Amino acid sequence: MGFACGLVGLPNAGKSTIFNALANAGARVESYPFCTIAANVGSAPVPDERLDRLAALYPQKKKVPTHLDIIDIAGLVERASEGEGMGNQFLAEIRAVDAILHVVRCFEDPNVAHVTGSIDPSRDIAIVETELLLKDHETLSRVASRLHQEVRGPDRHAPARAAAWDALVDHVARGNAVRSTPIPHEIADLVREASPLTAKPCLFVANVDDAGENAYAERVRVAARERRAEAVVLRGRLEAEIAEAASTPEERAAYLGEYGLSETGLSALVRAGYHLLGLMTFFTVEGPEVRAWTVPTGTPARAAGGKIHSDFADRFVVAEVMTLDDLLRAGSEKVLRDAGKIRRVGHDAPITDGDVVRFVCA
Ligand SMILES: Nc1nc2c(ncn2[C@@H]2O[C@H](COP(=O)(O)OP(=O)(O)O)[C@@H](O)[C@H]2O)c(=O)[nH]1
Ligand SMILES: [Mg+2]
C-alpha cells in the first residue's frame, strides 16, 4: 500500500463521481495508468519530473512513480458513530488511511437528493467532523481509564502521562480535532497507537457544478482556513464526463480548453493533495527499479525504509543519502562515493524531499 487518501463526506457529495473520474482519466490518458485495485480502491500516479531526470541516469532500469492510493469511503452519515446507516463499518476504512480528502457538496441539483435537505457546506462539514470527533472521544477515553489506573502503579511518569492525555480528551470533547493541538512527547507514542481519525491530515474538496467557482465553494475555503487546512475546488461531474469522453491527451486538452481549464482538476487534486498534506518524495535506485516514494515531511530514515519493506525498518543499520542535485551533477553514484559526498545517517535522521536513499541493512 502506498500513501492512502480516503474520500469521505456525506452521501451525494460526489465522492464516487470524483473517484470514477480519477479512475477513468488515469486509465485512458496517463502514461502511468490509474489502477483500480478494488471496487472502491484505486491508485493514482504522482507526476514528478525529478524522477524522470534521475531515471535518465539509469537507462536500463524501470521508472516507477510514487502513487497516492485513493479510497472511496461510503457510509458516513449523521449519527453514524452511534450505528446509524452502515454504522461503524466505514470507520475501519478511515482508520486505515493516511489522510482524509473531505468532499463537500457545492452544487445545486433538484435531481440529486441532499441528505439534510439543503446545500450548506458549513453545516455538512460540521456533521462529518462531529462523527469523527465522537469516535475519537470514545477511543481516547478508553485509553484514559487505563492511564488513570497506572497513576496508582510504580511508574513515576504515569501522572504526567495521564494529565497530558486528559488534556487531549478535553480538547476533543470541546469539538477540536486532534491535529489542531501539539502532542506532548510523553503521549506521542500512545496517540500514534490509538490512531485518532482527526489526527490525520485533511484536505477539503469543494465539488462544484460545471460552471465552476461559486459562493458555496467560498464557504468551504473559509471553513478550511478556520481549521488551518487547505481546500481545492473540483468540477466533479464535468471531470467525470471529460474523462469518459476523451480517449487521448489531445482530446482531453481540447475539452478542458472549452471550459477554460489548462489541466484536469484531478491532476490538480493529486498534486495539491500531495503538497498540502505535508508529503514529500524520496527516491531509491534498487534492483531493477528507479523509484519514487511518498512519506510525510520530516520522516526519519528508519521509518522511510519501513515504507518500502518492513525488513528495512527491522534490520536498519544506516541510510546512505545523496541529494538529487549532487547525483545529477556528478552523473553517477560512483563519482559521488569517490568524492565522499554520500552522507551516512542513523535511524532517526530525517529524510529530506528529493533525497536519493540507499538503506543498508543487517
Ligand atoms: N449537478 C451535479 N451533479 C453532480 C456533481 N457531482 C456529482 N453529481 C451527482 O450527484 C449524485 C451523487 O454523486 P456520488 O458521486 O454518487 O456521491 P457520493 O454519495 O458522495 O459517492 C450523482 O448522481 C452524481 O452524478 C456535480 O458537480 N454537479
Ligand atoms: Mg458513493
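Counting Lys and Arg as +1 and Asp and Glu as -1, what is the net charge of the other residues whose Cβ lies under 12 Å from the Cβ of ARG344? My count for the surroundings of ARG344 gives +3. Were the residues from ALA245 through GLU263 laid out at 0.36 nm apart, the gain over their Cα-Cα distance would be 4.9 nm.
The accessible area of SER195, taken with all protein chains in place and a 1.4 Å probe, comes to roughly 30 Å². Overall, the chain carries a charge dipole of about 1220 debye about its Cα centre when +1 sits on the Cβ of Lys and Arg and -1 on the Cβ of Asp and Glu, all other atoms neutral.
Derived from the Cα gyration tensor, the three semi-axes of the equivalent ellipsoid of region 101-165 are 44, 9, 7 Å, largest first.
Positive-end ranking of VAL233, ALA330, SER180 along the dipole of the chain, with charges on Cβ about the Cα centre, is headed by ALA330. Could you grab the relative contact order for region 298-361? Cα pairs under 8 Å, six or more apart, rounded to a whole percent. It rounds to 51 percent for region 298-361. Among residues other than GLY257 with Cβ under 13 Å from its Cβ, the summed charge is -3 (Lys and Arg +1, Asp and Glu -1). Calculated translational diffusion coefficient of region 45-188 (20 °C, 1.002 mPa s; Stokes-Einstein with Kirkwood radius over alpha-carbon pairs) equals 112 µm²/s.
Per residue, the average separation of C-alpha pairs within less than 8 Å and at least 6 apart gives the chain a relative contact order of 19 percent. Taking Cβ atoms as reference points and 13 Å as the exclusive limit, the residues near ALA160 contribute a net charge of -2, counting Lys and Arg as +1 and Asp and Glu as -1. Overall dimensions of region 198-333, expressed as equivalent-ellipsoid semi-axes from the Cα gyration tensor (√(5λ), whole Å, largest first), are 37, 22, 13. Applying Stokes-Einstein at 20 °C and 1.002 mPa s to the Kirkwood radius of region 128-198, computed over alpha-carbon pairs, gives a translational diffusion coefficient of 176 µm² s⁻¹. Spin-label pair LEU328-ARG50: with each label point 7 Å from Cα along the Cα-Cβ axis, the two points sit 1.0 nm from one another.
In a Gaussian network model over the chain where Cα atoms closer than 10 Å are linked, find which of ASP210, ASP98, ASP338 has the largest mean-square fluctuation. The residue with the greatest mean-square fluctuation here is ASP338. Taking the three principal axes of the alpha carbon atoms in region 161-213, the coordinate ranges are 52, 21, 15 Å, sorted in descending order.
Relative to one another, the C-alpha centroids of region 180-197 and region 239-272 are positioned 40 Å apart.
Computed over region 134-276, the Cα gyration tensor eigenvalues convert (square root of 5λ each) into semi-axes of 46, 15, 11 Å, ordered from largest to smallest. Near LEU279, the amide H atoms lying under 5 Å from its own belong to THR297; only residues 5 or more places off or on other chains count, and H is placed 1.01 Å from N.
Considering only DSSP states other than H, G, I, E and B, which trypsin sites (Lys or Arg not before Pro) in region 120-159 qualify as loop sites with at most 12 other Cβ atoms within 10 Å? Taking region 120-159 and a limit of 12 other Cβ atoms within 10 Å, the loop trypsin sites (Lys or Arg not before Pro) found are ARG152, ARG156. Solvent exposure of region 234-362, expressed per residue, is 47 Å² of accessible area, with all protein chains present and a 1.4 angstrom probe. When the P(r) is computed for the chain, the part past 25 Å accounts for 60% of the Cα-Cα pairs.
For region 298-361, the mean projected area of the C-alpha convex hull, equal to one quarter of the hull surface, is 4.0 nm². Looking at region 258-362, the chymotrypsin sites (Phe, Trp or Tyr not before Pro) that sit in a DSSP loop and have at most 15 other Cβ atoms within 10 Å of their own Cβ are TYR259.
Accessible surface calculations at 1.4 Å, restricted to protein heavy atoms, place region 128-198 at 55 Å² per residue. The lysine pair count for the chain, using Cα distances under 23 Å and pairs eight or more places apart or on different chains, is 10.
The values are calculated or read from the model by the stated rules, or taken from the named source; none is laboratory data. Worth saying up front: this structure is predicted, and the values here are computed from it rather than measured. Please note: Cβ atoms are built from the backbone with ideal geometry, for glycine as well, and neighbour counts cover all protein chains shown. Calculation scope for accessible area: heavy atoms of the full protein, side chains included, ligands and nucleic acids excluded. Shrake-Rupley method; radii C 1.70, N 1.55, O 1.52, S 1.80 Å.
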